[in-house]
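S.K.: If you scroll down you'll find the structure; I have some questions about it.
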């Protein structure tokens, strides 16, 4: 992610920590642009759906890449940052991809060396919503340290993404409703069991589609959205209060 003409520059290396569903999506979309190395003790191999195999290496070697992407649950971020900090190259770019930003940004500021560029990101899409590609999807960027924001923004736009520059607080305030309520409602409706699939309305079909995009997310995603975001509790409380008001209007007296 530099500004050297492509004809004269080497392929930059990217160290990917985490090869879960979203880490695999990151690798799929960036494999054509970077020489990717994966580190994830939970996997014995890193193979994309099209059969491409990516090299898996130890933590120290993966951390020495030009770009380091932290695709791990928020609960594991502090420990990972502490472990990779001694191995990061001066001038490296470190990004997280978490669904919340205030806490991860503070963790990276506290544990990563002053010599690296740090940029918080939140891709506003996932494996389900980006099955056919990421073009026209959105991504939020929260600059923290260094001078790479402009270069990264340009690169992401070339990938077809809509880039939203924001602050961690502004991001988490919006995400508390945008994601917090979406995942909460999806979880409740999904727990009803099989939903009707024949006698449906357009609005219900859209609702089922929305549920389908998030219902297979790992529990760590829901936990981060609902507990790591400091604004989620207030949004949930307001939602349930308004629901109780509606319920009281329909009670038979």
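S.K.: Out of 55, 143, I need the residue that is surrounded by fewer than 15 Cβ atoms within 10 Å (Cβ to Cβ), under 20 Å from residue 14 (Cα atoms) and at pLDDT 95 or above. Which one?
M.R.: On the way: 143 fails: surrounded by fewer than 15 Cβ atoms within 10 Å (Cβ to Cβ).
Result of the check over 55, 143: 55.
S.K.: Considering 26, 44, 69, 38, which residue is in the same structural domain as residue 126 (by TED's automatic domain parsing), loosely packed, with under 15 Cβ neighbours inside 10 Å and closer than 23 Å to residue 83 by Cα?
M.R.: Unique residue meeting the criteria: 44.
S.K.: Any idea which of (1) touching a residue at least 24 places away in the same chain (Cβ under 8 Å); (2) in contact with a strand residue (DSSP E or B) (Cβ under 9 Å, 6 or more places away or on another chain); (3) closer than 27 Å to residue 222 by Cα is the one residue 156 doesn't satisfy?
M.R.: The one condition residue 156 does not meet is (1).
S.K.: Across segment 186-201, what is the total count of residues that are in a helix (DSSP H, G or I) and without any contact (Cβ under 8 Å) to a residue 12 or more places away in the chain?
M.R.: 1
S.K.: Taking residue 80 as the residue in question, decide whether it is part of a helix (DSSP H, G or I), in contact with a helix residue (DSSP H, G or I) (Cβ under 9 Å, 6 or more places away or on another chain), surrounded by 16 or more Cβ atoms within 10 Å (Cβ to Cβ) and not assigned by TED's automatic domain parsing to the domain that holds residue 230. Spell out how you get there, then give the answer.
M.R.: Values: part of a helix (DSSP H, G or I): yes; in contact with a helix residue (DSSP H, G or I) (Cβ under 9 Å, 6 or more places away or on another chain): yes; surrounded by 16 or more Cβ atoms within 10 Å (Cβ to Cβ): yes; not assigned by TED's automatic domain parsing to the domain that holds residue 230: yes.
Judged against the criteria, residue 80 is a match.
S.K.: In the list 178, 214, 163, which residue meets the criterion of being surrounded by 14 or more Cβ atoms within 10 Å (Cβ to Cβ), within 23 Å of residue 134 (Cβ to Cβ) and modelled with pLDDT of 95 or more? Break it down into steps so the answer makes sense when it comes.
M.R.: Working: 178 fails: modelled with pLDDT of 95 or more; 214 fails: modelled with pLDDT of 95 or more.
The match here is 163.
S.K.: Scanning for something in contact with a helix residue (DSSP H, G or I) (Cβ under 7 Å, 6 or more places away or on another chain), in the same structural domain as residue 22 (by TED's automatic domain parsing) and part of a helix (DSSP H, G or I), does segment 116-137 turn up at least one residue?
M.R.: Within segment 116-137, none of the residues are in contact with a helix residue (DSSP H, G or I) (Cβ under 7 Å, 6 or more places away or on another chain), in the same structural domain as residue 22 (by TED's automatic domain parsing) and part of a helix (DSSP H, G or I).
S.K.: Continuing with this model, one more query. Consider residue 153 against the criteria (1) on the phi < 0 side of the Ramachandran plot; (2) surrounded by fewer than 15 Cβ atoms within 10 Å (Cβ to Cβ): it satisfies all of them except one. Which criterion is unmet?
M.R.: For residue 153, the failing item is (2).
S.K.: Of all residues in segment 115-150, how many are in contact with a strand residue (DSSP E or B) (Cβ under 9 Å, 6 or more places away or on another chain) and under 18 Å from residue 32 (Cα atoms)?
M.R.: 2
S.K.: Give the residue, chosen from 183, 117, that is within 28 Å of residue 233 (Cα to Cα) and either in contact (Cβ under 8 Å) with a residue 40 or more places away in the chain or over 16 Å from the mean Cα position of the chain (by Cα) (or both).
M.R.: None of the others qualify; the one that does is 183.
S.K.: Could you pull out the residue among 86, 104 that is outside any loop (DSSP other than H, G, I, E, B) and either crowded, with 19+ Cβ neighbours inside 10 Å or outside the structural domain of residue 19 (by TED's automatic domain parsing) (or both)?
M.R.: 104
S.K.: Kindly evaluate residue 37 against the criterion of being more than 22 Å from residue 99 (Cα to Cα), out of contact with any helix residue (DSSP H, G or I) (no Cβ under 9 Å at 6 or more places or on another chain) and either in a loop (DSSP other than H, G, I, E, B) or modelled with pLDDT of 95 or more (or both).
M.R.: Against the criterion (more than 22 Å from residue 99 (Cα to Cα), out of contact with any helix residue (DSSP H, G or I) (no Cβ under 9 Å at 6 or more places or on another chain) and either in a loop (DSSP other than H, G, I, E, B) or modelled with pLDDT of 95 or more (or both)), residue 37 does not qualify.
S.K.: With the condition kept exactly as written, say whether any residue in segment 202-219 is in contact (Cβ under 8 Å) with a residue 24 or more places away in the chain, part of a helix (DSSP H, G or I), in contact with a helix residue (DSSP H, G or I) (Cβ under 6 Å, 6 or more places away or on another chain) and not assigned by TED's automatic domain parsing to the domain that holds residue 30.
M.R.: Checking segment 202-219: at least one residue is in contact (Cβ under 8 Å) with a residue 24 or more places away in the chain, part of a helix (DSSP H, G or I), in contact with a helix residue (DSSP H, G or I) (Cβ under 6 Å, 6 or more places away or on another chain) and not assigned by TED's automatic domain parsing to the domain that holds residue 30.
The values are calculated or read from the model by the stated rules, or taken from the named source; none is laboratory data. Note that the coordinates shown come from a computational prediction; the quantities given were computed from them, not determined experimentally. We place every Cβ from the backbone using ideal geometry, glycine too, and count neighbours over all the protein chains shown.
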